[in-house]
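Right, one structure below, let's go through it.
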């Protein structure tokens, strides 16, 4: 009897410790999400209280939306880490073990489509684009990611160097862009930026690590990077090609944000939105859930505890997505658009470019994923490039990207005048840095173009553009693409610095020639 009571007490204590540990993890994720959103919240509130007054109902709706975004992103990130990352890792290992290339390519395509459909940043963009049906855009982008995820797996098996694939596919992008409809151009480049979001990146990176775990060659670790870089190309090409066949299915203008007159109206708008996003996210996550169950039966055969952990992780992901998208679409985005409209005239218009750069600086400096990137580069460079230098270079890059985006909005300059030179510089730098830095640099676009860019900043640019009578589709869209492009340059510049430091160190450590007593030393040549 005493043994049984003692055993129950041990189980109870273990479960209590696990509960405390899980609660601490959730708190950490919510804190990271809060730190990421805090700069924008503070700057927006200060603007609303000083130079740009807004209706009280709209500000309250924004603050409540910000709360939902913080909670949603924290819960979602935890869910993605405990479900999408282990699923991706196990699938990568299982596929590589099978050695059946046609099966690997087909499953990779299906996985790419399924995981992209559930990407929150893409869902936000699909609801923002006025002239393309949201479902068509999501399916097109998903197909692009799926196709290039299959190419990533093929590259891993054939050992093709990443830089040559990047050179070929970006050349194809620029050729298509030269003949593309200008109203699809900016949206296409933004599609590449939003797909490398908090849902897709952990899964794709885990898939690459799963493949690398099976391979034992020296290039396995390097090949595990670059998957995100290639997968972000797929949506750009897919949407550019869509522009040749799809002529638009709606009004190509953006309506004014609805302003709640009372707190009751604000509450009703949230209550009406919750069921809508609960249904949409259930449909979006269903393919991932079904694929997981199929792999569990066919290949994984995980223990009951591990299986339940992933199921709980998927539930966290679902809840986080619902909270995040509700907060974005009901509270966050409307104020961004309204604020952009209010600041676009009078003396405050001169604040637009420095304000955009300020927001860009704080967005990237507070992004939790930047800390992961800093650690990654410090490890690759063996400490030769400090994390502080990486953070500063990224902050400068994103601040410049936001500034250039606002210049585009104010002047109507085509995005090609920025994207083409920027990517040319990035592609040329590939030949002066180690391959691992190229892979990390092109992967880092997903780090920079985080949820804050796709939600608040895009709406801010749309508000400015609409108020000044510009073309929203060609001028306001494209800010996500600019933010995703700039780190390609800044990280590779870090790679150039590392390369020089390494060569100097090798030259300094090279031993001087030692001559023996009987050696003949010639002081002149023939």
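The values are calculated or read from the model by the stated rules, or taken from the named source; none is laboratory data. It should be emphasised that the depicted structure is a prediction, and the values quoted were computed from it without experimental measurement. Heads up, the Cβs are rebuilt from the backbone with ideal geometry, glycines too, and the neighbour counts pull from every protein chain shown.
On the basis of being modelled with pLDDT of 80 or more, over 20 Å from the mean Cα position of the chain (by Cα) and assigned to a helix (DSSP H, G or I), does residue 189 make the cut? Step through it out loud before you land on a result.
Details: modelled with pLDDT of 80 or more: yes; over 20 Å from the mean Cα position of the chain (by Cα): no; assigned to a helix (DSSP H, G or I): yes.
No.
Could you list, in sequence order, the residues of segment 428-463 that are touching a helix residue (DSSP H, G or I) at 6+ places or on another chain (Cβ under 6 Å), part of a loop (DSSP other than H, G, I, E, B) and buried (at least 24 other Cβ atoms within 10 Å of the Cβ)?
444, 449
So for segment 402-422 (the condition being assigned to a helix (DSSP H, G or I), more than 18 Å from the chain's Cα centre (by Cα) and more than 25 Å from residue 464 (Cα to Cα)), does at least one residue qualify?
Yes, there is a match, as at least one residue in segment 402-422 is assigned to a helix (DSSP H, G or I), more than 18 Å from the chain's Cα centre (by Cα) and more than 25 Å from residue 464 (Cα to Cα).
A quick yes/no check of all residues on (1) assigned to a helix (DSSP H, G or I); (2) touching a helix residue (DSSP H, G or I) at 6+ places or on another chain (Cβ under 9 Å); (3) closer than 30 Å to residue 45 by Cβ:
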site: 294; (1), (2), (3): yes, no, no
site: 308; (1), (2), (3): yes, no, no
site: 311; (1), (2), (3): yes, yes, no
site: 315; (1), (2), (3): yes, yes, no
site: 357; (1), (2), (3): yes, yes, yes
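Out of curiosity, is residue 485 under 23 Å from residue 383 (Cβ atoms) and touching a residue at least 40 places away in the same chain (Cβ under 8 Å)? Steps first, answer last, please.
Numbers: under 23 Å from residue 383 (Cβ atoms): no; touching a residue at least 40 places away in the same chain (Cβ under 8 Å): yes.
Taking the combined requirement at face value, the residue does not satisfy it.
Tell me, yes or no, whether segment 488-496 has at least one residue that is in a loop (DSSP other than H, G, I, E, B), buried (at least 24 other Cβ atoms within 10 Å of the Cβ), at pLDDT 85 or above and in contact with a helix residue (DSSP H, G or I) (Cβ under 6 Å, 6 or more places away or on another chain). Reasoning before the result, please.
Just the residues of segment 488-496 that are in a loop (DSSP other than H, G, I, E, B), to begin with: none.
Looking through segment 488-496, none of the residues is in a loop (DSSP other than H, G, I, E, B), buried (at least 24 other Cβ atoms within 10 Å of the Cβ), at pLDDT 85 or above and in contact with a helix residue (DSSP H, G or I) (Cβ under 6 Å, 6 or more places away or on another chain).
Checking the condition at negative phi, surrounded by fewer than 21 Cβ atoms within 10 Å (Cβ to Cβ) and touching a residue at least 12 places away in the same chain (Cβ under 8 Å), which residue from 472, 425 passes? Break it down stepwise before answering.
Values: 472 fails: surrounded by fewer than 21 Cβ atoms within 10 Å (Cβ to Cβ).
Being at negative phi, surrounded by fewer than 21 Cβ atoms within 10 Å (Cβ to Cβ) and touching a residue at least 12 places away in the same chain (Cβ under 8 Å) holds for just one of 472, 425, which is 425.
With respect to the numbered conditions (1) modelled with pLDDT under 90; (2) surrounded by 12 or more Cβ atoms within 10 Å (Cβ to Cβ); (3) in contact with a helix residue (DSSP H, G or I) (Cβ under 9 Å, 6 or more places away or on another chain); (4) assigned to a helix (DSSP H, G or I), which one is the sole condition not fulfilled by residue 274?
(1)
Take the residues in segment 149-173 that are at pLDDT 90 or above and over 22 Å from the mean Cα position of the chain (by Cα), then tell me which one is surrounded by the most Cβ atoms within 10 Å (Cβ to Cβ).
Result: 172.
Return the residues of segment 389-405 that are closer than 25 Å to residue 503 by Cα and in contact (Cβ under 8 Å) with a residue 12 or more places away in the chain; say none if nothing qualifies. Outline the logic, then answer.
Taking segment 389-405 as the starting set, the residues that turn out to be closer than 25 Å to residue 503 by Cα are 389-394.
Selection gives 389, 390, 391, 393, 394.
Please work out which residue is nearest to residue 455 (Cα to Cα), limiting yourself to segment 352-389 and to residues that are surrounded by 14 or more Cβ atoms within 10 Å (Cβ to Cβ) and at pLDDT 90 or above.
356
Results for (1) within 16 Å of the chain's Cα centre (by Cα); (2) at pLDDT below 70, shown as yes or no for each residue.
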{"site": "201", "(1), (2)": "yes, no"}
{"site": "216", "(1), (2)": "no, yes"}
{"site": "222", "(1), (2)": "no, yes"}
{"site": "232", "(1), (2)": "yes, no"}
{"site": "246", "(1), (2)": "no, no"}
{"site": "249", "(1), (2)": "no, yes"}
{"site": "269", "(1), (2)": "no, no"}
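Restricting to helices (runs of 4 or more DSSP H) lying wholly in segment 25-133: which have 2 or more residues that are under 17 Å from the mean Cα position of the chain (by Cα) and surrounded by fewer than 19 Cβ atoms within 10 Å (Cβ to Cβ)?
Values: elements: 56-79, 85-98, 101-117, 120-128.
Filter on segment 25-133 gives an empty set.
Right, residue 413: over 25 Å from residue 123 (Cβ atoms) and modelled with pLDDT under 80 or not? Explain how you work it out, then say what you get.
Working: over 25 Å from residue 123 (Cβ atoms): yes; modelled with pLDDT under 80: no.
No: the conditions fail for residue 413.
Within segment 251-266, take every residue that is in a helix (DSSP H, G or I) and touching a helix residue (DSSP H, G or I) at 6+ places or on another chain (Cβ under 9 Å) and give me the one that is modelled with the lowest pLDDT. Give the steps one after another, and end with the answer.
Just the residues of segment 251-266 that are in a helix (DSSP H, G or I), to begin with: 263-266.
Applying the additional criterion that residues be touching a helix residue (DSSP H, G or I) at 6+ places or on another chain (Cβ under 9 Å) yields 263, 265-266.
On the way: 263: 75, 265: 81, 266: 83.
Checking each candidate, the answer is 263.
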